[in-house]
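> Sharing a structure below in structure tokens format, with a few things to ask.
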């Protein structure tokens, strides 16, 4: 009788080990997938940062250009005696 109980317990332990092995394999695949997604997200964040930097530079340049034009117009108005 105790041999039957031992066999049943050993069989259950074997099944548990197999199930744990399957779970471990799935967890490893999931970790790889999560890492791949994380890498893609960081790449996208880098792309967005580059675009924002480019647009910020463009806006700064346009602001300076607009200011230069405004100063030139004010200078011309002063020379012509136009008051604003």
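The values are calculated or read from the model by the stated rules, or taken from the named source; none is laboratory data. None of these values were measured; they are calculated from a predicted model. Note that we place each Cβ from the backbone using ideal geometry, even for glycine, and neighbour counts take in every protein chain shown.
> From the list 10, 58, 30, pick out the single residue that is at pLDDT 95 or above and more than 30 Å from residue 82 (Cα to Cα).
Going through 10, 58, 30 in turn, just one is at pLDDT 95 or above and more than 30 Å from residue 82 (Cα to Cα): 30.
> Also: Condition check: surrounded by 10 or more Cβ atoms within 10 Å (Cβ to Cβ), over 30 Å from residue 83 (Cβ atoms) and more than 18 Å from the chain's Cα centre (by Cα). Does residue 45 satisfy that?
no
> Please tell me if residue 67 is surrounded by 10 or more Cβ atoms within 10 Å (Cβ to Cβ), under 27 Å from the mean Cα position of the chain (by Cα), assigned to a helix (DSSP H, G or I) and at pLDDT 95 or above.
no
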